[in-house]
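Here's the structure, in structure tokens; my notes come after.
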Amino acid sequence: MKRLLTTALLGACLPAYAETPSATGYELPADTVLNVQVLVDKSISKGETLSHLLLKATGSQTGAELPERCLLSANASINNNHVEVNVTRALCVQPNGDIFDGPVNARITESADTFGLKSACADDSCGSALLRAGQDYSLRLYDAANIALVINQTEQINIQRRNYSPDAEQQ
């Protein structure tokens, strides 16, 4: 169900990158910084964890290239008086139907040396916070990420259907 929802939401993502041909996938080095946005406003309270928070990539601060539509799956919680958003996976789709998927180890940051968001907090003690849709956040990768091309089974079936000729079987 999560994959179906994620795939459906990919169409809602605005194009973020020019289509880049990639036969095997996209390599993102450690310390890559991407601009991301939450898809819908999300509020969080201290002691609560948001699972499967969906973010969309909207650009790169370090020249990284990704497919046109990318969703990132994250978890968020309030710790040490700031919001921590940890991204664990990327799922991207190109307009031609190619799908790219891979694990990502990244966190949202407000500056180059500080992880977490203080600006999203409602007060200094960060008892609650709001992540706003449409607001850019900086996402820094801890480790290199390989977002690999995966076989799109649905596309393969559609190709077979388009190429099917009942006349060829009768001969």
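The values are calculated or read from the model by the stated rules, or taken from the named source; none is laboratory data. From a predicted model like this one, the values you see are computed outputs, not experimental measurements. Cβ atoms come from the backbone with ideal geometry, glycine included; neighbour counts cover every protein chain shown.
Can you confirm whether region 155-164 contains a residue that is under 22 Å from residue 35 (Cα atoms), touching a residue at least 40 places away in the same chain (Cβ under 8 Å) and either touching a Pro at 6+ places or on another chain (Cβ under 6 Å) or outside any strand (DSSP E or B) (or both)? No, the conditions are met nowhere in region 155-164. Taken over region 73-101, the criterion of being in contact with a Cys (Cβ under 9 Å, 6 or more places away or on another chain), farther than 20 Å from residue 129 by Cα and not charged (D, E, K, R) is satisfied by 90, 91, 92, 93, 99, 100. In region 59-99, what residues are buried (at least 16 other Cβ atoms within 10 Å of the Cβ) and not in a strand (DSSP E or B)? Answer for region 59-99, where residues must be buried (at least 16 other Cβ atoms within 10 Å of the Cβ) and not in a strand (DSSP E or B): 64, 66, 67, 68, 94, 98.
Scan region 100-116 for residues that are modelled with pLDDT under 90 and either within 18 Å of residue 46 (Cβ to Cβ) or part of a loop (DSSP other than H, G, I, E, B) (or both) and the total you get is 4.
Within region 135-166, the only residue that satisfies the criterion of being modelled with pLDDT under 85, under 21 Å from the mean Cα position of the chain (by Cα) and among the β-branched types (Val, Ile, Thr) is 151. Only one of the numbered conditions (1) over 15 Å from residue 131 (Cα atoms); (2) touching a residue at least 12 places away in the same chain (Cβ under 8 Å) is violated by residue 63, and that is (2). All told, residue 102 falls short of being within 14 Å of residue 38 (Cα to Cα) and surrounded by fewer than 20 Cβ atoms within 10 Å (Cβ to Cβ). Within region 105-159, the set of residues being surrounded by 17 or more Cβ atoms within 10 Å (Cβ to Cβ) and of a type in the set (A, V, I, L, M) comprises 106, 108, 117, 120, 129, 131, 139, 141, 145, 147, 149.
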